[in-house]
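Before any comments, here is the structure.
None of the figures in this text is laboratory data; all of them are computed from the coordinates on show. Please read these numbers as outputs of a predicted model, since none were measured by experiment. Here the Cβ positions follow ideal geometry from the backbone for every residue, glycine too, while neighbour counts run over all protein chains shown.
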Amino acid sequence: MPVGTLFVRQVVHPLSFSVLHNFLLLVSYIPPYHIPTNTDAHGFLSNENSYKGKHFRQVLAARDTHLHLLNLNGNQNNDLGGICYTGGLAAIQALYEKEGGKEAHVKLTLLGSSLGGYVVARFAELHPEAVEKLVLFCPGFDLQSRWPRVFGEVGLREWEERGYREFEGPAGPVRVPWSFIEDGRRHPAFPLYK
């Protein structure tokens, strides 16, 4: 029986919401067989050109398996501040339909980290018929309860009043609109996928 690949990687990230603070351990198992549509969803303040997504694409390409790298930022100009839950769900739905959807019996294997982990889990909850497997890396579950601990109530009020909050992104400051918080409040803290 062929053996799959086990990835273990230690990552330190300053915006980590992990219980272990700035220490994250990513573990995943990629089976040794081809799944028709493999998709990676990046995290908060990232994009489809993330190191992790490109690395997974390269590893799977060596096994003759393609990995789609999604842009969850909801725009074409790759503005990291455009990220939202609903936009991420729409990006996955668009890929599903582009690949042929239900009529073509497409099943997605969804990889997601941080906010992307939440979004793929939520998509699986909403569209279980479209999902074969989930691989989650430190999924951003229950982010809405974490923001007050990160910024305090005053910081959240300032974000709402100003209409955006600046974060340091990979290429400089990124303005994330308050609508990101409002959109997140429309979704459950913990998606249920059976």
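Relative contact order of the stretch 37-194: 24 percent, from C-alpha pairs under 8 Å at least 6 residues apart in sequence.
With K and R counted +1 and D and E -1, the other residues having a Cβ less than 12 Å from that of Leu143 yield a net charge of +2. For the peptides 118-130, 90-102, residues were scored by their other Cβ atoms within 10 Å and the scores averaged per peptide; the highest-first order is 118-130, 90-102. With a ≥ b ≥ c taken as the square roots of the eigenvalues of the C-alpha gyration tensor of the stretch 93-188, please select rounded if a/c is under 1.5 and otherwise prolate if a/b is larger than b/c or oblate if it is not? Prolate is the answer for the stretch 93-188, as a/c is 1.5 or above and a/b outweighs b/c.
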